[in-house]
């Protein structure tokens with residue numbers, strides 16, 4: 001009964017009302033960052049790093065939508081980054097450089113790919129689903145490597161960022177930063193809405209108990225497929241942005257390692273909390289960026305040569321560190337933020 | 001007699017050489033509470049699976065409201081008004097009791113392909129859901145995460161979810177399974193209140209409950225229906241007594 005007493009005070013829609021501080025702080029930080037960047041002296045570097053964080057935030061959030069709320073472990077989500085990226089790259093080589101065309105094309109292409117591969121892979125469950133999405137991802141990867149006209153293995157460099165309605169506004173790193181932030185905010189607001197909607201409730205219900213959902217008259221497959229398509233389109237949008245950020249597209253966009261990293265970001269941030277995925281992406285990318293220096297700093301008591309080796313082989317620490325976080329911090333970073341409130 | 005609401009014709013299901021449902025034919029009249037009893041392993045749950053569409057039948061047909069539903073999936077049958085509960089409690093543990101029921105209401109009211117608007121705030125879903133919870137005697141516990149409900153309350157929740165799908169016929173697979181005396185009393189009371197308003201097919205081990213609730217009883221032994229009759233005559237039926245001898249005391 002004590003268990004009951006503890007939770008009885010929690011109203012049903014707690015998910016949406018209790019931890020609002022986190023996303024507000026998060027987005028405020030993103031909005032304030034350009035100011036900070038101006039004063040940091042390394043403006044270009046800070047902006048491009050944070051832009052990457054936001055782009056991967058969108059992709060991780062897309063994955064969280066099906067992984068966290070639908071328990072669908074897609075191990076091929078990087079494919080959509082690739083589709084988005086190649087839509088930009090391929091159209092640009094044919095002279096279509098406007099984002100107002102590139103992005104819709106990327107979204108439609110992502111949706112179609114998601115529809116076809118989802119319709120097949122959602123007929124399987126568990127490990128088989130993971131494997132089949134991985135296979136589809138790899139299929140697209142090898143397709144990209146064989147596209148000789150578009151750079152094949154080496155990928156292709158974009159001559160410039162996309163235009164917006166004919167203007168070269170995105171040439172400015174600031175403008176591009178704001179565009180990514182708007183996309184992130186839009187994707188977040190949309191995802192929040194989807195999760196709380198009738199549709200999202202069916203998706204969450206299916207995650208908990210698919211048989212029960214069928215027994216009250218839902219056909220889970222249709223909802224899972226729709227969620228998969230939505231998620232794919234969001235990741236496709238992230239791909240468009242990523243190509244513009246790097247001004248480069250290559251098959252490396254959609255390696256299976258990239259898919260794995262996306263899963264890691266979601267788990268690191270905390271499954272099933274959309275802003276958690278953004279935080280996960282940020283933590284992952286910032287650690288990846290700064291861990292060598294952190295290691296170098298922390299190991300001040302070691303010989304200079306050893307410190308250099310350590311910084312050089314930072315991945316030896318990175319991997320175990322991620323595993324430790326996932327193992328010991330249940331619910332990821334969001335779980336950590338949530339805990340003190342439970343008392 | 002009126003046309004039966006549910007009719008099973010020569011239903012059969014075998015796992016290899018093991019025939020679990022053997023040529024079962026059965027007619028359930030509108031409005032009656034029809035109990036199916038039988039010793040352990042008689043194939044009662046398999047039969048419910050076949051009626052609800054969880055399992056495909058090897059042969060035979062299921063007619064519901066005069067139409068052949070044998071080839072329909074479970075969600076399609078639910079859409080026609082054929083709902084079921086599960087022997088092993090099957091709820092959404094992370095959802096509140098109210099949301100469990102509201103989802104069932106949602107399945108019946110309008111499209112669920114709506115991506116905007118907070119579903120948990122929809123009055124049109126929550127109000128009927130609350131009614132169903134109250135009918136099942138669970139109104140006071142509506143906002144508790146259903147995973148934290150007691151076992152008996154979960155059984156009541158199963159009933160409420162079943163009701164919320166607005167069924168013409170409710171298949172109940174051992175609604176009393178695993179409940180204590182007081183809890184089972186509550187569920188029996190709920191069933192008594194529902195009786196007459198709804199056609200119910202009840203599979204149950206608790207003989208006392210069955211004989212006090214049922215209008216008619218069918219006895220299933222090794223996948224065959226050996227008798228269908230009023231509770232009084234079933235109790236007196238020598239064949240039924242023989243089947244149960246050494247199994248359980250008949251009331």
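Structure notes:
- Test for residue B:152: is it under 17 Å from the mean Cα position of the chain (by Cα), more than 10 Å from chain A (Cβ to nearest Cβ) and at pLDDT below 90: yes
Listed here are the residues, each with its yes/no results for (1) surrounded by 19 or more Cβ atoms within 10 Å (Cβ to Cβ); (2) more than 8 Å from chain A (Cβ to nearest Cβ).
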{"position": "B:75", "(1), (2)": "yes, no"}
{"position": "B:78", "(1), (2)": "yes, no"}
{"position": "B:82", "(1), (2)": "yes, yes"}
{"position": "B:126", "(1), (2)": "yes, yes"}
{"position": "B:137", "(1), (2)": "no, yes"}
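- Qualifying positions in segment B:7-40 - in contact (Cβ under 8 Å) with a residue 40 or more places away in the chain and outside any strand (DSSP E or B): B:29, B:30, B:31, B:32, B:38, B:39, B:40
- Candidate set from segment B:179-197 (those that are in contact with a helix residue (DSSP H, G or I) (Cβ under 9 Å, 6 or more places away or on another chain) and in contact (Cβ under 8 Å) with a residue 40 or more places away in the chain); member that is nearest to residue B:34 (Cα to Cα): B:195
- Under the condition of being surrounded by fewer than 23 Cβ atoms within 10 Å (Cβ to Cβ), in contact with a helix residue (DSSP H, G or I) (Cβ under 9 Å, 6 or more places away or on another chain) and not in a helix (DSSP H, G or I), the residues counted in segment A:238-271 number 3.
- Verdict on residue B:176 being crowded, with 18+ Cβ neighbours inside 10 Å, at negative phi, part of a loop (DSSP other than H, G, I, E, B) and more than 11 Å from chain A (Cβ to nearest Cβ): yes
Here is a yes/no grid of residues against (1) part of a helix (DSSP H, G or I); (2) at pLDDT below 95:
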{"residue": "A:137", "(1), (2)": "yes, no"}
{"residue": "A:149", "(1), (2)": "yes, yes"}
{"residue": "A:159", "(1), (2)": "no, yes"}
{"residue": "A:170", "(1), (2)": "yes, yes"}
{"residue": "A:184", "(1), (2)": "yes, no"}
{"residue": "A:191", "(1), (2)": "yes, no"}
{"residue": "A:203", "(1), (2)": "yes, no"}
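- Enumeration of residues in segment B:47-73 that are buried (at least 21 other Cβ atoms within 10 Å of the Cβ), touching a residue at least 12 places away in the same chain (Cβ under 8 Å) and not in a loop (DSSP other than H, G, I, E, B): B:47, B:48, B:50, B:51, B:52, B:62, B:64
- Under the condition of being closer than 23 Å to residue B:159 by Cβ and more than 9 Å from chain A (Cβ to nearest Cβ), the residues counted in segment B:52-61 number 1.
- Selection from segment B:84-101 of residues that are more than 8 Å from chain A (Cβ to nearest Cβ) and part of a helix (DSSP H, G or I): B:97, B:100, B:101
- Number of positions in segment B:113-123 that are part of a helix (DSSP H, G or I), surrounded by fewer than 18 Cβ atoms within 10 Å (Cβ to Cβ) and within 11 Å of chain A (Cβ to nearest Cβ): 1
The values are calculated or read from the model by the stated rules, or taken from the named source; none is laboratory data. Just so we're clear, the structure is a prediction, and the values are computed from it rather than from any experiment. FYI the Cβ positions are ideal-geometry reconstructions off the backbone, even for glycines, and counts take in every protein chain you see.
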